[in-house]
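Please treat every number below as a calculation from the coordinates, not as lab data. Since this is a predicted model, take the numbers as computed values, not measurements. For neighbour counting, all protein chains shown are included, and Cβ atoms are generated from backbone atoms with ideal geometry for every residue, glycine included.
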Amino acid sequence: MAQKRHSVLSSGAVDQTKIGSGKATTMQQLIGPDDAPNFAMRKFTMAPGGGMPKHTNRVEHEQYVLKGNATIGIEDDCYEVKEGDVVFIPAGAPHWYRAHGEEDFEFICMVPNKPDEIEILED
């Protein structure tokens, strides 16, 4: 029987992985390179006060904020983001996250299925 070219899966069935370089941050690989040829879809969750240090990636990021509030630094600019906001981070751009408020900060992050290298610039 041929492998299906489509899928439907509950995000609740996908394991959360703690992000070692982050603070109070987890990631779910909702759609990975084995599932789709061009893009990966990930869901990040940051508890209030959590976040990610300043870092770079070799691939671009397209993000959609599901809930909560955070400050995101991209290059030399800072943005206050909330539910419904859309964020684009170019490949190689230094960026960081700091969740605040009373609820978790959650966002979907799409990245191309290309080799990526993360470089932490500040802890």
* Structure fact -> Put in order of increasing Cβ neighbours within 10 Å, starting from the fewest, 7, 21 give 7, 21
* Partner aspartates and glutamates for residue 114 [C-alpha distance under 12 Å; skip if fewer than 8 residues away on the same chain] -> 60
* Structure fact -> Along principal axes, largest first, the alpha-carbon spread of the chain in whole Å comes out as 51, 30, 26
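Just want the ordering: 106, 83, from fewest to most Cβ atoms lying within 10 Å of their own Cβ.
Lowest to highest Cβ neighbour count: 83, 106.
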* Structure fact -> Any lysines whose Cα falls less than 18 Å from that of residue 18, other than same-chain ones fewer than 8 residues away, would be 43, 54
* Roughly how many nanometres apart are two label points built 7 Å out from the Cα toward the Cβ at residue 118 and residue 67? -> 2.4 nm
* To do: Report the full-extension gain for the segment residue 77 to residue 102: residue separation times 0.36 nm, less the Cα-Cα distance, to one decimal in nm.
  => 6.6 nm
